[in-house]
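Here, each number is a calculation from the coordinates, and none is a lab measurement. Owing to the predicted nature of the structure, the values given are computational and were not obtained by experimental measurement. Heads up, the Cβs are rebuilt from the backbone with ideal geometry, glycines too, and the neighbour counts pull from every protein chain shown.
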Amino acid sequence: MRGMLLPRLLVVGAIVASFAACESGGASAPEPTPPPPAGQTPAPPATGPSNPSPAPSTPPSGGDTVSENAPPKGGATGGSSSLQNAVETCDLPSNGTGFAGTQYLSFAGLSYSYELYVADKYDGHTRFPLVFVFHGDGMSGAEIRSWLSLEWEAGGNAIFVYPNGPGATWDTSSAVGVNTHVALVDAIVTDMEKRFCVDTSRIFAWGISRGAFFVNTLGCFRGNIFRGIFANSGGGPSSPDPRLYGANDYLECPTAAPAAIVIHGDADQTVGFGAGVESEQHWAMANGCDTTGTPIPVDPGPCVTYPGCKQPVIWCHLPGYPHKLWEPSEQAAWQLIDSTKPKTP
């Protein structure tokens with residue numbers, strides 16, 4: 001991971017503030033070295049084992065290619081919300097709502113699968129936000145869904161997709177132009193927009209461990225698709241293409257930066273804390289945030305944000321926290337998603 005010039009963010013006290021206001025306005029683990037570490041699956045809540053074994057594998061080769069500098073059409077450029085997208089005519093009825101089970105998609109000559117949850121309030125006409133959830137190495141979409149309460153946080157107001165990573169992992173090292181995992185996400189977005197009333201200005205990506213590296217990649221190269229990203233215990237974005245790096249080794253993403261919540265424990269021994277710091281610094285710089293002053297505390301603590309950001313950037317430094325799911329991250333994610341609801345005239 002290449003270095004940045006922005007100073008490290010110091011966490012201030014946990015004082016409650018709203019994400020809507022944000023739009024307007026232990027010992028450290030070792031530093032990671034490029035390429036990003038293969039990663040372990042993050043430890044689940046207290047009901048499961050604390051340190052599952054990883055099961056990395058080689059991503060599939062070949063398949064459709066996608067352009068790195070001209071992402072596919074769709075979504076709102078730069079993630080700006082659009083009242084028109086939310087209220088424009090839609091007539092895509094569903095066979096039912098709630099958990100729809102495993103879905104299958106044929107892509108690049110192979111069959112892929114994902115778990116699908118249709119918003120409880122889905123009526124076939126109202127447009128709903130779409131939330132992708134990316135698991136860690138050695139996991140599945142069904143497993144990461146069983147860990148989370150994102151659907152409960154949403155209160156029936158979002159569609160959720162839990163893709164099963166090819167080989168139980170996500171490709172975070174190949175150039176995006178030949179990265180079949182990124183192309184697969186593009187295909188799922190297209191499929192969902194054909195099947196459901198999706199608010200294309202409100203598509204989000206949540207990820208943990210290897211999945212967090214992947215959502216940072218999507219935020220950089222698919223910022224015209226994803227309105228916001230939520231990275232738990234990961235790192236990036238990065239690229240093997242040196243031509244994408246500008247002054248001071250700063251990765252110049254081809255799309256406008258999304259909103260970002262970056263969460264990392266400084267006792268993480270699987271993905272070094274420095275990887276999370278560099279992710280936070282990247283999104284703060286990409287969004288033009290003012291990082292020179294004192295960060296602003298937001299809910300849930302100990303998260304903080306910056307003034308002046310084009311899109312909200314939230315940094316959650318967790319003192320003494322290891323490589324595992326931080327449950328308040330789900331509340332934080334939904335608060336940001338909910339804050340992007342189009343305002344009624």
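For this structure, a couple of remarks:
- Compactness of the range 219-345 - radius of gyration and Dmax, Cα, Å: 14.6, 49
- Here the 3J(HN,Hα) profile of the range 211-218, calculated from phi with Karplus coefficients 6.51, -1.76 and 1.60 at θ = phi - 60°, is x, 6, 4, 5, 5, 5, 4, 5 Hz, Gly and Pro shown as x.
- For the range 150-288, the spread of Cα positions along each principal axis, largest first, Å: 43, 35, 34
- Applying 0.36 nm per residue to the separation of Thr292 and Trp152 and subtracting their alpha-carbon distance, the gain on full extension is 46.7 nm.
- The ranking of His135, His323 by Cβ neighbour count inside 10 Å, starting from the fewest, reads His323, His135.
- Cα-based Rg / Dmax (Å) for the range 189-265: 13.4, 44
- In terms of surrounding Cβ atoms within a 10 Å radius of their Cβ, Leu110, Leu130 rank from fewest to most as Leu110, Leu130.
- Computed with the Debye formula from one identical point scatterer per Cα of the range 84-140, without solvent, the log10 of I(q)/I(0) at q = 0.15, 0.19, 0.23, 0.27 Å⁻¹ comes to -0.61, -0.87, -1.05, -1.16.
- Less than 5 angstrom separates the built amide H of Phe107 from those of Tyr112, all sequence-distant by 5 or more or on a different chain.
- Using bins of 5 Å that start at zero, the share of Cα-Cα pairs per bin across the range 281-320 amounts to 6, 28, 31, 23, 9, 2, 0, in whole %.
- The alpha-carbon positions of the range 147-209 define a convex hull whose volume is 114 Å³ per residue.
- Whole-Hz ³J(HN,Hα) from phi, Karplus 6.51 cos²θ - 1.76 cosθ + 1.60, for the range 266-277, glycine and proline x: 7, 10, 6, 9, 9, 10, x, 4, x, 5, x, 4
- Per-residue ³J(HN,Hα) for the range 320-326, Karplus 6.51 cos²θ - 1.76 cosθ + 1.60, θ = phi - 60°, Hz, x for Gly and Pro: x, 8, x, 7, 7, 5, 9
- Relative exposure of Cys303, Cys253, judged by other C-beta atoms within 10 Å (fewest first): Cys253, Cys303
- Convex hull volume of the range 290-345 per residue (C-alpha atoms, cubic angstrom): 106 Å³
- Distance between the modelled labels on Asp249 and Ser111, one decimal in nanometres: 4.5 nm (7 Å Cα→Cβ projection).
- Each of Ala100 and Ser173 was given a label point 7 Å from its Cα along the Cα-to-Cβ line. The distance between the two points is 3.5 nm.
- Cα centroid separation, the range 291-317 to the range 226-275 (Å): 16 Å
- Each Cα pair under 8 Å and six or more residues apart adds its sequence gap; the mean of these over the residue count of the range 100-196 is a relative contact order of 29 percent.
- Relative frequency of Cα-Cα separations exceeding 21 Å in the range 86-222, percent: 39 percent
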